[in-house]
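The values are calculated or read from the model by the stated rules, or taken from the named source; none is laboratory data. What you are looking at is a predicted structure, and each value in this text was computed from that prediction instead of being measured. Here Cβ is always computed from backbone atoms with ideal geometry, including for glycine, and neighbour counts include all displayed protein chains.
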Amino acid sequence: MKPETSHPDETPGWFDRKENVRKLLMGLFIGCGLLVLIDLIFLVTGFDKHPYLKWEQWPGFYAVYGFVASVLLVFVSKYLLRPLVKRDENFYAEKSNTNPVKGGSEDV
Amino acid sequence: MFEAIPPAVIYLLGALLVPFLKGRFRQAFALAIPLLGLLNYTAITEGVHWTVTLLDFELVLGNVDRWSLIFLNIFTVLSFVGILFIINDNKALDLSAGLLYAGSAMGVVMAGDLLTLFLFWEMLTLAAVLCILARKTVEAGKAAYRYLLVHVFGGVVLLAGILIHFATGGSLAFEEIELSGPGAWLIFIGFGINCGWPILGAWLTDTYPEASVGGLVFMATYTTKTAVFVLARCFPGESILIWIGVAMVLIPIFYAVIENDLRRILAYCLINQVGFMVVGIGLGTAYSLNGTAAHAYCHILYKALLFMAIGSVIYRTGKSKATELGGLYRSMPWVCVFCCLGAVSSSFPFFSGFVSKSMIMSSAVKLDTPFTTFVWAVLLFGAAGMFLQAGIRVPFATFFSRDSGVRCKEAPLNQLLAMGIVAFLCFCVGTFPGMMLYPMLPNPEASYDPYTVAHVADQFAFLFFGGLAFTLLIRSGLFPAEIRATNVDADVLYRRGGPFLYRIFDRGLNGANRIASALFIGVIAKHVCNFFESGASRMACWIMTPVWMMQGADSEQIEDNRQAFFRIARKGALPIGITASCAVVMLGLLSLIFLLEK
């Protein structure tokens, strides 16, 4: 990813290098995989989680809930809430302001 | 051992004296006040202390139980951290406002009667307004004014509630109140305005982003949490609070996703987390109330850390929007680390949020009804949303993401130190809750162990897959773009509704005023005035006109006569003969009327 404003004399930071970002992503994917694996081990060994609800005993329940909740949250906000409530950035600016900044939000 | 004094007194005196001091002496003094407060805290014991008689009322400045002590503990810790955070600028207004804020909040949690509570409640508003004004921008001035209006309204509602409650036979003691009758309901709503309830709490996300960098640390710590405290004391187990809490957990988190201002994102997440506490109060079990107290404690810590980190960024760059920031890990590595620690503290095992949030959720699910299971599911959803926003997106957009090109210095040492202390506390409380947190909880018999293998594994899975969803959404471009926009929230009611009402009243009332003015002053008053001034003279002229005609005067003469007679009559300078004959005529008329009446 190229920096949008140039600081060409800088050495790129650790997170600017693609291989490092890839390492981080791999770490995340492996972590997720391991956590699913742990849940499967619980299932196979019949480990009692002492759940309050029977769903909590299902393997991957929390993983699925976390994932689905996040995606649902983002989609509802993006496709339902934003069209409803989005206004220009200067929505609350004073009416007497004779020179409103134009195109604040629409041009993105 | 020394005698403790009311903590509010220490802080309020400090706030009053700070402006009179200068330079290093002022800094040392401002830092000494919270340290004194901390020392004083260690000497405060449970029981009723410090009663003052005012008129016929007995004000109780110290009604101390386990509830007040745990809140007093975290309030005192945060007062030191907050003052340390702003000490480098050494501004009298900021320091005074901070101390006043802390002192008032402590006054509320120590109050033993509703009048004392109200007094400190209003002081909280004053302190918050000063914290916003300390930003010294035009927008901050307007926001402070809005904050003042909303909270003065809230204060009036609360006062009306207290008075009606008292007048209808209620007690002025600050204790559990049954939610029936207008007095109790008004108190309930007055508390709710400060607590950030849906619609009533729109002031929070409206004004927090305009506050001064340091002032917001105090605002985020004290106002909503004192409201949680008073709700827990007066209305534990009111089931309507569960619904209110659920709405607080759910609605703001959607707004957070599409918000651009980082401090407003955090403010939405703050309401979401206060919603957990309100649910805990509504459930009203020993476990859930413990959860509320514990979560208030932990949430104050990690939210202060997040607000301080973003505050440092604003302090150095002057920017607060996600669209203007990014890639700051190069310039502010330490702040980046502390922000990430704050983010992690909101949910991860071994940090503070983990050991308290789950207390409330498990207390809901323990009740084992379909409704409480639904509440649990919503709370779990809210926890995911909160982690996605405050936990991932805020640090990501500020310190990583694309490089905004902004370069600045690392935050000042005192700010780093303040963040370091809080980060350390987040870790200690999260890792050793049995030592640092649980012994302080209001119901010690309701014990809780968050560190079971299954719970930790489940929580990691929950958070990792939330993170995975964020990563996939960002990389696929599905995550909503950061947009410079205003998202209309309930504050539109007063920000647009206020001016709208103003225009309606301007047109309506001023219009009525103009018509009334034209009618009464321009027409009626003029004629009445004319009548009393010259009406009698004019009538006399009409009466005399036929007399002059009979005397054979022509119209010109009659006009001359009339003008001369009018002048004389107006001055009341008629010859005695005419006056006398008029009197005779008048007497004759009166006699006639008298006879006719008979």
Q: Could you check how many residues of the stretch B:216-250 are touching a residue at least 40 places away in the same chain (Cβ under 8 Å), closer than 20 Å to B:D489 by Cα and more than 19 Å from the chain's Cα centre (by Cα)?
A: 2
(Q) Kindly evaluate B:L149 against the criterion of being at pLDDT 95 or above and not in a loop (DSSP other than H, G, I, E, B). (A) no
Q | Odd one out for B:G190, checked against (1) surrounded by 21 or more Cβ atoms within 10 Å (Cβ to Cβ); (2) within 25 Å of B:A140 (Cβ to Cβ); (3) under 13 Å from the mean Cα position of the chain (by Cα) | A | (2)
Q. Does the stretch B:350-374 hold any residues that are more than 27 Å from the chain's Cα centre (by Cα) and either outside the structural domain of B:Y297 (by TED's automatic domain parsing) or under 18 Å from A:A69 (Cα atoms) (or both), and which are they?
A. B:S358, B:M361, B:T373, B:F374
Q) Of B:L124, B:L69, B:L117, B:L100, which residue is in contact with a His (Cβ under 9 Å, 6 or more places away or on another chain) and in a helix (DSSP H, G or I)? A) B:L124
Q: Tell me, yes or no, whether the stretch B:534-541 has at least one residue that is assigned to a helix (DSSP H, G or I) and exposed (fewer than 12 other Cβ atoms within 10 Å of the Cβ).
A: no
Q: Check the stretch B:208-221 and report whether any residue there is at pLDDT below 95 and under 22 Å from B:V375 (Cα atoms).
A: no
Q: Please specify each residue of the stretch B:460-489 satisfying the condition of being polar (S, T, N, Q) and more than 7 Å from every other protein chain (Cβ to nearest Cβ).
A: B:S476
Q: Considering (1) of a type outside the set (V, I, T); (2) touching a His at 6+ places or on another chain (Cβ under 6 Å); (3) part of a helix (DSSP H, G or I), say which one B:G62 fails and leave the rest.
A: (3)
Q: Out of the residues in the stretch A:57-93 that are among the hydroxyl-bearing types (S, T, Y), farther than 30 Å from B:V453 by Cα and in a helix (DSSP H, G or I), state the one that is nearest to the chain's Cα centre (by Cα).
A: A:S77
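Which of the residues belonging to the stretch B:130-145 are in a helix (DSSP H, G or I) and either more than 17 Å from B:S96 (Cβ to Cβ) or polar (S, T, N, Q) (or both)?
Selection gives B:V138, B:E139, B:G141, B:K142, B:A143, B:Y145.
Condition check ((1) part of a loop (DSSP other than H, G, I, E, B); (2) among the charged types (D, E, K, R); (3) free of Cβ contacts under 8 Å to residues at least 24 places away in the same chain; (4) more than 14 Å from chain A (Cβ to nearest Cβ)) across all residues:
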| site | (1), (2), (3), (4) |
| --- | --- |
| B:D403 | yes, yes, no, no |
| B:R407 | yes, yes, no, no |
| B:Q415 | no, no, no, yes |
| B:M419 | no, no, no, yes |
| B:F424 | no, no, yes, yes |
| B:F427 | no, no, no, yes |
| B:G430 | no, no, no, yes |
| B:P439 | no, no, yes, yes |
| B:S447 | yes, no, yes, yes |
Q: Kindly list the number of the only condition in (1) over 30 Å from B:D403 (Cα atoms); (2) surrounded by 14 or more Cβ atoms within 10 Å (Cβ to Cβ); (3) not charged (D, E, K, R) that fails for A:L81.
A: (1)
Q) What is the one condition in (1) facing chain B (nearest Cβ under 7 Å); (2) without any contact (Cβ under 8 Å) to a residue 24 or more places away in the chain; (3) under 23 Å from B:N272 (Cα atoms) that A:V68 does not satisfy? A) (1)
Q.
Kindly evaluate B:R503 against the criterion of being on the phi < 0 side of the Ramachandran plot, of a type in the set (K, R), part of a helix (DSSP H, G or I) and within 12 Å of chain A (Cβ to nearest Cβ).
A. yes
Q) When both residues are 6+ apart or on different chains and their Cβ atoms are under 9 Å apart, which pairs have a first residue that lies in the stretch B:451-462 and is under 14 Å from B:G430 (Cα atoms), and a second that is of a type in the set (A, V, I, L, M) and in a helix (DSSP H, G or I)? A) B:Y451/B:V355
Q | Any hit, the stretch B:566-573, residues being touching a helix residue (DSSP H, G or I) at 6+ places or on another chain (Cβ under 7 Å), at pLDDT 85 or above, in a helix (DSSP H, G or I) and not small (G, A, S) | A | yes
